[in-house]
Amino acid sequence: MENFLHPLAEVFGFAVTDQSHKAQRFRSHRLCPFNNKVPNCTKDKAKNPLGVCTILQNNKPVITCPTRFREEWIITDDAAAFFFGEGALWSSLTEVRLNDIYGKSAGNIDVVLVAYDAQGKVVDFGALEVQAVYISGNVRDPFEFYMKDPAAHALMDWTAQPNYPRPDFLSSSRKRLAPQLLFKGGILHSWNKKMAVAINKSFFDTLPPLKAVSPRDGDIAWFIYDLEPVTDGDHYRYQLKKVDVMYTEFQPALLTITTAVPGTVDNFVRLLQEKLDEQLETPPNTKTLDKPF
């Protein structure tokens, strides 16, 4: 594999260097090969989708589109084994709204797995949340430049461009993962229903250490996936693979993820002193107003 000087790993489901007929067809028609709700990619804008499935960090792919996790639906097989065990009849429903006691939405559950009996009656269910990674910087500009000529621009050098896109793991945990555990996870836990989280290894590795328990005692199963390059004829592609799983209890995991690691109070006092010094050094001709504390 090449050492890329740009941020794009997969575009419309294929490695950027893949110029096969199939890859070209998916790019030209803006298609999604990963079981999107419609055949086309709908990320960002339906009419002009941002077809970037994964971006590169240190030349390794990081999943930035939640639909990317739906490759061959292995995430539902893994979650069903945790929820129901072997031999259960089950199906999956996507984007199911979850309401609180007041009828207000706590958000949509990415995938609800439903176990049913021989008559088709629901006997159990569990919730599967998919955690892709936010991007900081501008990924649309390199994407659109690449799409103008995928063959010529597959090895483009984007390093000197402003707002070079990178995975934003901190925002992903604070703005997406933590609220989902707090609101949706809180409701599910009150119902004694299990939850599974599908997450990229690079994202999981940035989380604070979680306390593992046995599968039997787990409220949440963290299914950790990575993308591995595999040879596909004259080209290579990335294949989703489960690399690990961790089981945790709900409350300890929620507390760990939502508790900020404090800095030192000395650093904060130093910042206060700097701001106070700036305020006291206001030029004498500048009129100031006394502000009560």
Segment 11-34: number of residues that are assigned to a loop (DSSP other than H, G, I, E, B) and surrounded by 13 or more Cβ atoms within 10 Å (Cβ to Cβ): 11
Among the residues of segment 107-141 satisfying the criterion of being under 27 Å from Arg216 (Cβ atoms), touching a residue at least 40 places away in the same chain (Cβ under 8 Å) and small (Gly, Ala, Ser), which is surrounded by the fewest Cβ atoms within 10 Å (Cβ to Cβ)? Gly126
From the list Pro215, Pro208, which one is loosely packed, with under 14 Cβ neighbours inside 10 Å, over 20 Å from Thr64 (Cα atoms), within 17 Å of the chain's Cα centre (by Cα) and not β-branched (Val, Ile, Thr)? Pro208
If you go through segment 152-169 one residue at a time, how many are closer than 19 Å to Asn3 by Cβ and either modelled with pLDDT under 95 or assigned to a helix (DSSP H, G or I) (or both)? 2
Hits in segment 230-250 (condition: surrounded by fewer than 16 Cβ atoms within 10 Å (Cβ to Cβ), in contact with a Leu (Cβ under 8 Å, 6 or more places away or on another chain) and either among the β-branched types (Val, Ile, Thr) or free of Cβ contacts under 8 Å to residues at least 60 places away in the same chain (or both)): Lys241
Please find, among Ser172, Ser202, the residue that is modelled with pLDDT of 95 or more, in a helix (DSSP H, G or I), among the small types (Gly, Ala, Ser) and surrounded by fewer than 21 Cβ atoms within 10 Å (Cβ to Cβ). Ser202
Considering segment 240-293, residues that are among the aromatic types (Phe, Trp, Tyr) and modelled with pLDDT of 95 or more, and then whichever is farthest from Ala15 (Cα to Cα), we arrive at Phe250
Hey, can you tell me all the residues within segment 71-106 that are surrounded by 15 or more Cβ atoms within 10 Å (Cβ to Cβ) and touching a residue at least 60 places away in the same chain (Cβ under 8 Å)? Glu71, Ile74, Ile75, Asp78, Ala79, Phe82, Phe83, Leu98, Ala106
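Please tell me if Tyr146 is part of a loop (DSSP other than H, G, I, E, B), in contact (Cβ under 8 Å) with a residue 24 or more places away in the chain, more than 17 Å from the chain's Cα centre (by Cα) and under 20 Å from Ile63 (Cα atoms).
Against the criterion (part of a loop (DSSP other than H, G, I, E, B), in contact (Cβ under 8 Å) with a residue 24 or more places away in the chain, more than 17 Å from the chain's Cα centre (by Cα) and under 20 Å from Ile63 (Cα atoms)), Tyr146 does not qualify.
The values are calculated or read from the model by the stated rules, or taken from the named source; none is laboratory data. No experiment lies behind these values; they were computed from the predicted model shown. Every residue, glycine among them, receives a Cβ derived from its backbone with ideal geometry; neighbour counts consider all protein chains shown.
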